[in-house]
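> Have a look at this one.
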Amino acid sequence: MRHTQSELISIVTSDAAFGVAMRIVRNREAAEDVVQETALRVLRFGHRYEPRPGGSAKAWVFTILRNTALNELARRKRHASRIVPATERECTPGEVPIDEAVDMALRVDEALFDLDRIHPVHAEVVRCRHIADLSIRETAAALSIAEGTVMSGTLRGLAALRNLAA
């Protein structure tokens with residue numbers, strides 16, 4: 001199914017997308033910038049989106065969003081020498097010290113890398129449920145599997161990721 005640019009943009013501008021950006025960059029202004037940059041990329045490359053069988057436009061958009069947010073964190077780290085360390089000043093509400101944000105982003109990146117090391121069905125279920133923020137029903141429909149398989153795959157996939165991280 002082809003999606004129009006307005007459908008793709010509605011995914012980018014959703015509260016869920018902003019929430020993911022906030023969780024990664026931990027700063028409201030930076031999250032807004034990430035969402036805006038993601039919208040520009042979706043507009044620029046939306047015509048190239050070819051859904052795979054069982055694929056999801058939401059997963060595609062959220063992958064772009066995640067990569068954009070991680071790029072923002074990397075950019076911040078490069079410019080960290082200009083930032084006053086958190087121990088020398090108070091953080092504003094909603095702000096996380098840059099070192100903590102970078103560490104968190106690296107942990108997320110490691111977990112995403114570990115997804116390729118677990119059972120493929122479990123990995124896809126975890127991607128849909130926890131990265132693309134799809135419901136159990138949406139995940140089942142996107143992957144053409146039963147809702148019970150989504151629930152058990154989520155539990156098994158998260159357990160496998162915990163074991164790899166230990």
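Bear in mind that the values in this text are calculations on the coordinates, not laboratory data. Bear in mind the structure is a predicted one, so any value in this text is a computation, not a measurement. Glycine gets a Cβ as well: all are built from the backbone with ideal geometry, and neighbour counts include every protein chain shown.
> Per the Cauchy relation, a quarter of the hull surface: what is the mean projected area of the convex hull of the alpha carbons in region 116-166, in nm²?
Values: hull surface 12.2 nm².
Mean orientational projected area (region 116-166, Cα hull): 3.0 nm².
> Taking the dipole about the Cα centre of region 116-166, with the C-beta of Lys and Arg at +1 and of Asp and Glu at -1, give me whichever of Val121, Ala142, Gly157 is farthest to the positive side.
The listed residue farthest towards the positive side: Gly157.
> Hey, what do the phi angles of region 138-155 turn into as Karplus ³J(HN,Hα) couplings, whole Hz, using 6.51/-1.76/1.60 and θ = phi - 60°, x for Gly and Pro?
Along region 138-155, the couplings run 5, 5, 4, 5, 5, 9, 6, 10, 6, 4, x, 5, 5, 5, 5, x, 5, 4 Hz.
> Using amide H atoms built 1.01 Å from N in the peptide plane, name the residues 5+ places from Leu134, or on other chains, whose amide H lies under 5 Å from its own.
Arg129
> Still on this structure: Can you put Glu37, Glu29 in order, fewest other beta carbons within 10 Å first? Kindly include the intermediate steps, with their values, before the conclusion.
Details: Glu37 18, Glu29 10.
Ascending Cβ contact count within 10 Å gives the list Glu29, Glu37.
> For Val12, Val125, Val35, what ranking results if the residue with the fewest other Cβ atoms within 10 Å of its Cβ goes first? Working shown, then result.
Details: Val12 24, Val125 28, Val35 21.
The fewest-first ordering by Cβ neighbours comes to Val35, Val12, Val125.
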